[in-house]
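Chemist: Pasting in a structure now, in structure tokens, and then I'll have a few things to ask.
The values are calculated or read from the model by the stated rules, or taken from the named source; none is laboratory data. Everything numeric in this text was worked out from a predicted model, so none of it was measured. Here the Cβ is made from the backbone with ideal geometry for all residues, glycine too, and neighbour counts use every protein chain on show.
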Amino acid sequence: MTRDFTLEKYSELITVLKDNYRIMTVADYLTLPKDEEFIAVLRHDVDKFPERATRMALLEKNLGIRSTYYFRWDPKTGNFPKLAIIECKLYKHEVGYHYENLSELRDKTKALADFEYKLAQFRKIAPASTAAMHGAPRVRVRNADMLTGVDLSKYNLLGEPHLSPEFENIAYITDSGRMWTSGAGSVRDTMGKPLEEKIKNTDGLIEIVRSKKYTRMMVSARPGAGRFIGIGILDSETTTRGRAVNN
């Protein structure tokens, strides 16, 4: 039996998603025609361990899909994880800024200035056309409030999943709180429409995908500590990482 929250199990989920939905990045969902009845937006908030994000990104590349990776600013280095961002971009994925300025500074004016500065730093590494808030579970601040009512075009952004009206009616599934939920694992990581079902594990989510009950979905999977660490089918894939980047 395959352990849950490994890259092997994640590959099963992606294969079923690909068979039943058109998989899109956040930016593509905001800009491209959506003629298909069933569409899934695939997103990853890289809260920690960016090197694990690159393993997930390679797996997705080999499965023939593109997704969106949002990266946090590292205060220890005073920058973003440059190599991971470049690698994900080389695998043809969308990359963007996973911001938490308001929860850090607690002042909207200062937070917006900090957001603009860090977004500019991100764009020195790779283009970014969307951004997504960090849930900041340890503080009582919702980072998206910083951008509520703000014209995102001022920052040359197409949108933000937690704010853009295009995502208001999308079914949102996230692994926040170390379980697949519609945001129940976090009081701030919520958006779109919650699922009616309670999901026990990834196999339960796979069954929901197969049922095609929801015509529009966003799946958010975090490549974090102890999760999606990779066993089985990915072992041979990871040995080719260097070659894949150089191709």
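Chemist: Name the single residue, out of those in segment 111-125 being over 21 Å from residue 145 (Cβ atoms) and without any contact (Cβ under 8 Å) to a residue 12 or more places away in the chain, that is surrounded by the fewest Cβ atoms within 10 Å (Cβ to Cβ).
Modeler: Filtering first and then ranking leaves 124.
Let's see how each residue does on (1) assigned to a helix (DSSP H, G or I); (2) under 22 Å from residue 31 (Cβ atoms); (3) under 17 Å from the mean Cα position of the chain (by Cα):
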site	(1), (2), (3)
132	no, yes, yes
135	no, no, yes
138	no, no, no
141	no, no, no
146	yes, no, no
149	no, no, no
154	yes, yes, no
161	no, yes, yes
176	no, no, yes
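Chemist: Go through 200, 212 for me and flag whichever is surrounded by fewer than 16 Cβ atoms within 10 Å (Cβ to Cβ), closer than 19 Å to residue 39 by Cβ and among the basic types (Lys, Arg).
Modeler: Just a single option satisfies the conditions, and that option is 212.
Chemist: Here's another thing I want to ask about it. Suppose we filter 101, 62 for residues that are in contact (Cβ under 8 Å) with a residue 40 or more places away in the chain, of a type outside the set (Ser, Thr, Tyr) and within 18 Å of residue 157 (Cα to Cα); which single one remains? Working first, answer last.
Modeler: Working: 62 fails: within 18 Å of residue 157 (Cα to Cα).
Residue meeting the stated conditions: 101.
Chemist: Hey, can you tell me all the residues within segment 142-162 that are in contact with a helix residue (DSSP H, G or I) (Cβ under 7 Å, 6 or more places away or on another chain) and surrounded by fewer than 20 Cβ atoms within 10 Å (Cβ to Cβ)?
Modeler: Those that are in contact with a helix residue (DSSP H, G or I) (Cβ under 7 Å, 6 or more places away or on another chain) and surrounded by fewer than 20 Cβ atoms within 10 Å (Cβ to Cβ): 145, 155, 158.
Chemist: Residue check: is residue 80 farther than 24 Å from residue 32 by Cα, crowded, with 22+ Cβ neighbours inside 10 Å and either at pLDDT 95 or above or out of contact with any Asp or Glu (no Cβ under 9 Å at 6 or more places or on another chain) (or both)?
Modeler: So residue 80 fits the description; yes.
Chemist: Are any of the residues in segment 96-117 within 18 Å of the chain's Cα centre (by Cα) and among the aliphatic types (A, V, I, L, M)?
Modeler: no
Chemist: Among (1) at pLDDT 90 or above; (2) of a type in the set (D, E, K, R); (3) in a loop (DSSP other than H, G, I, E, B), there is one condition residue 203 misses while meeting the rest; what is its number?
Modeler: Going through the list (1) at pLDDT 90 or above; (2) of a type in the set (D, E, K, R); (3) in a loop (DSSP other than H, G, I, E, B), residue 203 breaks only (3).
Chemist: Return only the number of the condition from (1) touching a Pro at 6+ places or on another chain (Cβ under 9 Å); (2) at pLDDT 95 or above; (3) part of a loop (DSSP other than H, G, I, E, B) that residue 188 does not satisfy.
Modeler: All conditions are met except number (2).
Chemist: On to the next question. Determine whether residue 72 is more than 12 Å from the chain's Cα centre (by Cα) and of a type outside the set (Asp, Glu).
Modeler: Against the criterion (more than 12 Å from the chain's Cα centre (by Cα) and of a type outside the set (Asp, Glu)), residue 72 does not qualify.
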